[in-house]
1. Where is the GNM fluctuation largest for the chain (alpha-carbon springs, 10 angstrom cutoff): 260, 66, 22?
2. Add +1 for every Lys or Arg and -1 for every Asp or Glu among the other residues with Cβ under 12 Å from the Cβ of residue 343, and state the total.
3. Could you give the length gained by full extension between residue 228 and residue 21, i.e. 0.36 nm per residue of separation minus their alpha carbon distance, to one decimal place?
4. Give the calculated FRET efficiency between residue 334 and residue 69 to the nearest 0.05, with a Förster radius of 22 Å applied to their Cβ-Cβ distance.
5. So between residue 189 and residue 89, what do we pick up on full extension, going 0.36 nm a residue minus the alpha carbon distance?
6. Which ³J(HN,Hα) values, rounded to whole Hz and listed in residue order, are derived for region 106-116 from phi using the Karplus coefficients 6.51, -1.76 and 1.60 in 6.51 cos²θ - 1.76 cosθ + 1.60 with θ = phi - 60°, glycine and proline given as x?
7. Could you work out the helix-only [θ] at 222 nm for the chain, with each DSSP H run of four or more residues adding -39,500 (n - 2.57) and the total divided by the number of residues, to the nearest 500 deg cm²/dmol?
8. Could you tally the net charge around residue 56, taking each other residue with its Cβ under 10 Å from the Cβ of residue 56, Lys/Arg +1 and Asp/Glu -1?
Amino acid sequence: MAEAADSLPPAEVLLSKRVQELVINQEELPHLYICRKSGEAADEEQEENVSSDPLSQIPVIDLSILSASSSPSSEHDGELQKLRLALSSWGCFLATGHGIPSSFLDEIVRVGREFFEQPMEEKRKLEKGVEEFEGYGGDPVPAKGQPLDWSDRLFLDVYPEDRRKLKFWPENPPSFRDVLQEYTVKMRVMTEAISKAMAKSLDLQEDCFLIQFGEKAPLQARFNYYSKCPRPDLVLGLKPHADGSGYTIILQDVEGLQVLKGDKWFTVPTISGALLVLMADQMEIMTNGVFKSPVHRVLSSSERDRISLAVFYTPEPNKEIGPEEALMTKERPKAYKTVKDYADVHWDYYQQGSRAIHVAKV
Ligand code: OGA
Ligand code: NI
C-alpha cells in the first residue's frame, strides 16, 4: 500500500497535489501522510484513549439564555456558570441558541461541498503557492519529518473587508460569495455575544475581551475537505494541535473532530444547528490560564468524506494582549506574559509539530 522507501517525493511535491486527486486517481498512499502506527498493538493503544463514557460529553450551552435579558436570573446565572466550567475543564462547548438558522448552516456546508466537488481545473484557479496561507490547497510545507494532513482546504480572510483577496473567493457555486459574506456578518455577531458572555462568566467587565481583541479583530474562514481514506488507521485528517487564534468556531457536517481532555480523546458529536466554540491559545493567555486551549485532531474515514468550516477569531495584528488584571490573584499569580502577533509564533511551532504556549508562560 505505502510507497517503497526509495525515490520518495519531498513534501513540496506532494503538497502541489491535492489529497482529493490522490483519491480520485487511486494513487498509492504517499509515505509523508503516514503518522499513525498500524497493527493490533496500535489499535489497542489508540482505542483505549478514545472515551466511550456516555456521561462525559462536551457541554452544550444555550447562548439565547445568556443574551436574553428576559431569562429568569437563576437560569441565566446557571448557564453562565456552566459556560465557565465548560471552558475551564474542556476548553470548548457546543453552542445552540446562537440565532443562526440551521437552514443557513446547511446552506454554507452545501456551497462548501459544491466548491470541492468541482473539477480540479476549476479549483486550481484559486490555488495558493505551497508556502502561502490564503487560497485553495494544503497547509504550507511543514518542517522536515512532519507528516502531512489528509485534507484539502480553502482558506480566506473574511474580516475586516479590506483584508479580503477576492481573487481567492470562488465564483462557483454562484451563491458562494454572498453566503460567505452573510456567514461573516453572523460570526461577527456571535463573537461579540460569546466574548461578552465569557467575560460575565468570570465576573469581569463585559467588554474586556472585546477591547483586547480590538474592533477590527480579523476573522479567517477555513473550509476543510477531508477525502475518504483507504487507510484511516495510518493517517489523520488533521494532526493534534491547539489553535493559535483567540478562539475558533467550527461547523461540521459529519463526525471526525476529537478533543483531548485529560489523556482521552472525545468525539465532537454532530448536533443539528450546533456550532463548536473552541478556545485557542490567546484566550488561555487572556484568562491567565483559567480557560484551556484544548488539543484537538481530526480522524479520517474510509466510509465518508467530511467537510468543516473553521472560523478563527484573532486579536488585531500588532496589538498587545495579556492576562486580565482581575484574574491575577494571590491564589492564581500571573502565569502568562503580554504577547503580540502570537499567531505568527504559534505557526512556527506548529510547523515543527509542537505547541507554542510555553513562549507566553511567565
Ligand atoms: C482547524 C481545526 C477542525 C475540523 O482547522 O484548526 O481544528 O473539524 N479544524 O476541521
Ligand atoms: Ni484547530
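We did not get these values from a lab; they are worked out from the coordinates using the rules stated. Small disclaimer: the values here were computed from a predicted structure and weren't measured. Virtual Cβ from ideal backbone geometry, glycine too; neighbours counted across all protein chains shown.
1. The residue that fluctuates most here is 22.
2. Values: positive: 319, 340; negative: 243, 281, 316, 341, 344, 348.
Combined, the nearby Lys, Arg, Asp and Glu give -4.
3. The residue 228-residue 21 span can extend by a further 73.4 nm.
4. Values: r = 35 Å, r/R0 = 1.57.
My answer for the efficiency is 0.05.
5. Numbers: separation 100, 0.36 × 100 = 36.00 nm, distance 2.55 nm.
My answer for the length gained is 33.4 nm.
6. Couplings: 4, 5, 6, 5, 5, 5, x, 4, 4, 4, 5 Hz.
7. Details: 11 runs with 111 residues, N = 362.
One gets -9000 deg cm²/dmol as the mean residue ellipticity at 222 nm.
8. On the way: positive: 261, 264; negative: 53.
It works out to a net charge of +1.
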